1. Would you confirm whether or not the range 50-60 contains a residue that is within 16 Å of the ligand (Cβ to nearest atom), under 22 Å from Val94 (Cα atoms) and buried (at least 19 other Cβ atoms within 10 Å of the Cβ)?
2. Could you go through the range 68-78 and let me know if any residue there is farther than 18 Å from Gln140 by Cα and at pLDDT below 95.
3. Please pick out the residue among Glu114, Glu139 that is within 11 Å of the chain's Cα centre (by Cα), modelled with pLDDT of 90 or more and surrounded by fewer than 22 Cβ atoms within 10 Å (Cβ to Cβ).
4. Kindly list, by first and then second residue, each pair from a residue in the range 28-41 that is in contact (Cβ under 8 Å) with a residue 12 or more places away in the chain and within 19 Å of Glu143 (Cβ to Cβ) to a residue that is among the acidic types (Asp, Glu) and more than 10 Å from the ligand (Cβ to nearest atom), limited to pairs with Cβ atoms under 6 Å and residues at least 6 apart or on different chains.
5. If we scan the range 113-132, do we find a residue that is more than 14 Å from the ligand (Cβ to nearest atom), among the charged types (D, E, K, R), part of a helix (DSSP H, G or I) and out of contact with any helix residue (DSSP H, G or I) (no Cβ under 6 Å at 6 or more places or on another chain)?
6. Before we move on, is Ile98 away from the ligand (no atom under 14 Å from the Cβ), in a helix (DSSP H, G or I) and surrounded by 14 or more Cβ atoms within 10 Å (Cβ to Cβ)?
Amino acid sequence: MNDELRELYQSVILDHSRKPRNFGELHGEGCVHVHGDNPSCGDEIDVFLKLNDGKIEDIKFNGSGCAISQASASMMTIKMKGKPRDQATKMAGVFRGIVTGQDRQLAEEDALGELQLLEGVQHFPQRVKCAMLAWRALEQALEKGQGDVTTEDKPD
Ligand code: FES
């Protein structure tokens, strides 16, 4: 990573971790809730989706963790809001490829915008878990939300 990119990375991570977007909870009809944790550090996150007509109408998260986990979650919610479920699932796979360095889908990565800045964590296995914390919960929430969701799921 060159100096300019490193500076951008730091400012984006700091901005999102200090002022996380879409921080909160969603409850009610059409809402799915998944609780996720990172066993290696004990940090926890909750992801809430409101699905409507096959789309993520709204998404929020809460929890606590390191700057990378919070920034990754915050940026994820911005990207996912309004996305059809299939596209969201695909983007989660693309993000996983970026941060693990495997299964890269280069043609798709631009769609992730600033999230590509997290590419560097692939060299630090513990940090991969931080970056993926909210995304693993998102993937589970999307799975849970398949079919008609009419009632809120309780946390695991
Ligand atoms: Fe716990 Fe990063 S150190 S999520």
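The values are calculated or read from the model by the stated rules, or taken from the named source; none is laboratory data. Nothing here was measured: the structure is a model prediction, and the numbers come from that model. No Cβ is skipped: glycine too gets one built from the backbone with ideal geometry, and neighbour counts run over all protein chains shown.
1. no
2. No.
3. Selected residue: Glu139, the only one of Glu114, Glu139 that is within 11 Å of the chain's Cα centre (by Cα), modelled with pLDDT of 90 or more and surrounded by fewer than 22 Cβ atoms within 10 Å (Cβ to Cβ).
4. The qualifying pairs are Cys31/Glu152; Val32/Asp153; His33/Asp153; His35/Asp46; His35/Asp156.
5. Scanning the range 113-132 turns up no residue that is more than 14 Å from the ligand (Cβ to nearest atom), among the charged types (D, E, K, R), part of a helix (DSSP H, G or I) and out of contact with any helix residue (DSSP H, G or I) (no Cβ under 6 Å at 6 or more places or on another chain).
6. Values: away from the ligand (no atom under 14 Å from the Cβ): yes; in a helix (DSSP H, G or I): yes; surrounded by 14 or more Cβ atoms within 10 Å (Cβ to Cβ): yes.
It is true that Ile98 is away from the ligand (no atom under 14 Å from the Cβ), in a helix (DSSP H, G or I) and surrounded by 14 or more Cβ atoms within 10 Å (Cβ to Cβ).
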